[in-house]
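Here's the structure, in structure tokens; my notes come after.
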Amino acid sequence: CRPFFMIDFSYKQWLVSKVENYLFNIPYKINHHQIFLLFANIICQMRYLLFFLLPAIGFGQSGIIQGTVNDKFSNEAISFANVLVLGTDKGATTNLDGNYRVEGLEPGVYNVRASFVGFQEVILYEIQVYNNKPVQVDFQLEKASLDLEEVVVKASPFRKTEESPVSLRSIGVSEIRRNPGANRDISRVIQSLPGVTSTASFRNDLIIRGGAPNENRFYLDDVEVPNINHFSTQGASGGPVGLINVDFIREVDFYSGAFPANRGNALSSVFNFKQKDGRTDRLGVSAIVGASDFGATLQGPVGEKGNFILSSRRSYLQFLFKALDLPFLPIYNDFQAKLKFKLDEKSEIYFLGLGAIDNFELNLEANETEEQQYILDALPVNNQWNYTNGLVYKRYQENGYLTFVLSRNMLNNEATKYLRNDDTDPENLILNYKSQEIENKFRVEKTSRFDNYKVNFGAGYEYVKYNNSTFNRIYTSSGPETVDYFSDLDFSKYYFFGQLSRKWMEDRLTISVGLRYDGNSYSSEMSNPFQHFSPRASLAFALSNSFSINFNSGVYYQLPPYTVLGYKEDGVLVNKNLGADYIRNDQVVAGLEWNTASASKFTLEGYWKRYYNYPFLLRDSISLANLGGDFGIIGNEPATFNNDGRSYGLELLFQQRLFKGFYGIASYTLGRSEFQDSDGNYLPSSWDSRHIANLTLGKQFGKNWEIGIALRYQSALPITPFDANQSSLVSNWDRNAAGLRNFSLLNSERGDAINTVDLRIDKKWFLKNLSINLYLDIENLTGNAVGNEQLILDRDLDMDGRPIGTGTIINPDDPQDLWRYKLKTINDATGTILPTIGVVLEY
């Protein structure tokens, strides 16, 4: 077999024409041949790579699991604890320093259990064992009740805390890596869980239990990170590509409700990303090449007490998009780092960093079709960068530990747009936007365990700076308008919290109560933290060893986006004078949980959420809760703060941990999400998907083969129809280059249902000093097309049938302010199959 690029061109064309008819369902506006040539070339190059590497397979097939077992609260070593690799006869006992080492394991995936009398046992699932490096697996055991000191308490295979006995899902790194269609992106993995609504297939917006995308909060090893996606929407949280490197992740705790008191400013979800530490034995390198980017990770020891792990990633998606004649070229870079030192047996300190540089350029040469010209006219040139740096110090004491967190994060967002984007004459400037958000944060908290009691309390302070320079020619229902202002804002935020939990009846009954107070210096309405009191309470009662009833109720507050708080007119903070206040959300969640003997569980949960004080945008007469699922900026306009909403539903989940090579998740959600319109009537929100069903199944085979499949069905989301009469006005189209929605008919129609099938196949090889993971990930295997109707210019055509001109005016005899373009409607559905071929190398 010769390299693909050496094959005769005519043979290539014949091969493409034969194969593409069977494999691809790609719309005419994308170049079939270039897609096939790209992936065929990748496959052939990988064949040659493996040809040279395969002879080395078979050297050294012995894996090692090592680590420590410590008390979770005091960090004291637990001597003589038992560590067992489940499904094998291999295990170990910890020494006087709490260290253990299990050798002689075949490379593969294992579940590992640690236990000791008087403590609750812990099982860590799906630990990938290599033969070219030891795997570090550390356990933190929690003491059981005093009257159970002589008993090892059996652990549930699923994480549940006193504060959050419902709406908490733990996701391991193996689940993220292997999820079909997710491409190692945590935001896409979450979409297989109940209560999570999807938007467009290329977006990572998190719509949790009917809430808007700006209602989510993310923590990376106790450090808050404002956003976890590239090309993020300012004022929300979504974007098309995940930012966090999965190779850093040990586990993710996903709260869709029942938020603990130390996690504030969230209404729909909280994510706790737990990162692994760097290697302590030697320097290690891993690299990944996928369909859109390539990256590398470096880790190793720093002296005797420290370790580090850092990574960088660069996209080459822009080359693929240019080859496919797409009119936009996304370019992204990101970095991630963690440096940790163990100062002594009772204290540790670590630094972490996360950042991205995102550039969104236009491909002005791709202007042959109506769709290409429409995109070129509508999209701005966008440049964005952001970073988060954090320093965390932990001091362990006899019955607990202190945590100090100092961090800083910054977002810089710029966008420029000219009329038709090919003329930079200042007279044709439509948009010139520059904005920065800066937060400096400090938090201290204490966590302790006393017999059956668990206590957590603390306080925090944040100093915020925000600036915004906006020049924007827009069209509103009252006519053309130019927004031109500069805003420079700084203020302080402060809060304190506490949570008390206790167990009764030999740990069968657990009750937790918490409180939180939030305030800031932005306005007198928000300055008093006692006016924003957030009580919460949880209860869990075990009817048997495997069946329990769980409940939580709470009041939660969230600050509106800085784009809303910082909007100015004539040098005045408009929304401050309109009564800007915290958004309030009251929640009640109740559920049943049944854990089986085969590492699986069934849960049934019902939730009810009630919103108050949501920003209502006056220019478009729409609640901010309906926005955030698209690119750009939301909230940069006048608003009142009297909009209410509600969301409620029922969720059913079955989850199977890895058991005899099988794993899977099946979920169903029946829910509703509604917010008020300008007349105070409750209408379906933009996230009102009534039915969501997911099924993810996987099987691990011999010789390190693995296959997984994911099926998803989601009923159609509401959409607001266009106002064709207003949209066709030349004064509107030249400013917006897109149709104007008729918000008097807010969400009165629905789009297409989402019905997708994703497939992933993995094959792994374990060499003496190198492991290889080759994978094929196919998103939207059935080519299901989901899209919406769009208004575009109905242009004249040249002799070759290509659209020409800047648009046809259909009434040139009317006064100029009544001129209208000739428009037509297209559907933007594509139904593209998205195959990804990737290779992960770990040294």
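Note down the nm distance, to one decimal, between modelled labels 7 Å out along Cα→Cβ at residue 826 and at residue 789.
1.7
Per q in 0.11 Å⁻¹, report the Debye log10 I(q)/I(0) for the range 659-777, using one uniform scatterer on each alpha carbon and no solvent.
-0.64
Give the calculated FRET efficiency between residue 513 and residue 610 to the nearest 0.05, with a Förster radius of 22 Å applied to their Cβ-Cβ distance.
E(calc), rounded to 0.05, equals 0.60.
Run the simple label-point estimate for residue 776 and residue 799 please: 7 Å along Cα→C-beta, distance reported in nm.
In this crude spin-label approximation the distance works out to 4.7 nm.
Given N residues in the range 596-674, what is Rg(Cα) / (2.2 N^0.38 Å)?
The reported ratio for this selection is 1.68.
How long are the semi-axes of the ellipsoid equivalent to the range 353-396, from square roots of 5 times the Cα gyration tensor eigenvalues, in whole Å, largest first?
Over the Cα atoms of the range 353-396, the ellipsoid semi-axes are 42, 8, 7 Å.
Of the heavy-atom accessible surface of the chain (probe 1.4 angstrom), what whole percent is carbon and sulfur?
57
Give me a comma-separated list of calculated 3J(HN,Hα) values for the range 541-546, in order, Karplus coefficients 6.51, -1.76, 1.60 applied at θ = phi - 60°, integers in Hz, x for any Gly or Pro.
Once rounded to whole Hz, the list reads 10, 8, 6, 7, 5, 10.
Assuming 0.36 nm per residue, please report the length gained on full extension of the stretch residue 569 to residue 404 beyond their Cα-Cα distance.
Between residue 569 and residue 404, full extension yields 55.4 nm more.
Take the alpha carbon gyration tensor of the range 755-833, find the square roots of its eigenvalues, order them as a ≥ b ≥ c, and report rounded if a/c is under 1.5; if not, report prolate when a/b exceeds b/c, else oblate.
Prolate shape, in that a/c is at least 1.5 and a/b is the bigger ratio.
How many Å² of accessible area per residue for the range 240-306, probe 1.4 Å?
Using a 1.4 Å probe on heavy atoms only, each residue of the range 240-306 averages 30 Å².
With helices defined as uninterrupted DSSP H runs, which ones in the chain have an alpha carbon span along their own long axis of at least 27 Å and mean Kyte-Doolittle hydropathy of at least -1.0?
Long hydrophobic helices here: 32-53.
What do you get for trypsin sites (Lys or Arg not before Pro) in the range 645-724 restricted to DSSP loop and a cutoff of at most 14 other Cβ within 10 Å of the site's Cβ?
Listed in order of number, the matching sites are 660.
If you take the charge dipole of the chain about its Cα centre, with +1 on Lys and Arg Cβ and -1 on Asp and Glu Cβ, which of 193, 309, 625 is farthest toward its positive end?
The residue sitting farthest along the positive end of the dipole is 309.
Using a probe radius of 1.4 Å on heavy atoms only, what accessible surface per residue do you get for the range 362-405? Whole Å² is fine.
Per residue, the range 362-405 has an accessible area of 43 Å².
Counting only the backbone N, which residues of the range 61-80 are under 13 Å from the spot 7 Å out from the Cα of residue 117 toward its beta-carbon?
Under 13 Å, as judged by backbone N against the label point of residue 117, lie 80 of the range 61-80.
Of the lysine pairs in the range 275-353, how many meet both conditions: Cα atoms under 19 Å apart, and a spacing of 8 or more in sequence or different chains?
Number of lysine pairs found: 8.
Along the Cα-to-Cβ line of residue 79, 7 Å from the Cα, sits a label point; which residues in the range 94-114 have backbone N less than 19 Å from it?
Only 94-101 fall inside the zone, counting backbone N under 19 Å.
Hey, how much of the P(r) for the range 320-362 falls beyond 15 Å, as a percent of Cα pairs?
63
At a Förster radius of 60 Å, what calculated FRET efficiency corresponds to the Cβ-Cβ distance of residue 524 and residue 364, to the nearest 0.05?
0.75
Per residue, what accessible area does the range 538-687 have, given a 1.4 Å probe and all protein chains present, in Å²?
Averaged over the residues of the range 538-687, the accessible area is 37 Å².
May I ask you to evaluate 6.51 cos²θ - 1.76 cosθ + 1.60, the Karplus curve with θ = phi - 60°, for each residue of the range 168-178 and list the ³J(HN,Hα) values in order in whole Hz, giving x for glycine and proline?
Those phi angles translate into 10, 10, 9, 10, x, 5, 5, 5, 6, 5, 9 Hz.
The values are calculated or read from the model by the stated rules, or taken from the named source; none is laboratory data. The model shown is predicted, which means the values in this text are computed figures rather than measured ones. Heads up, the Cβs are rebuilt from the backbone with ideal geometry, glycines too, and the neighbour counts pull from every protein chain shown. The area values use the complete protein model at the heavy-atom level, side chains included, leaving out ligands, DNA and RNA. Shrake-Rupley method; radii C 1.70, N 1.55, O 1.52, S 1.80 Å.
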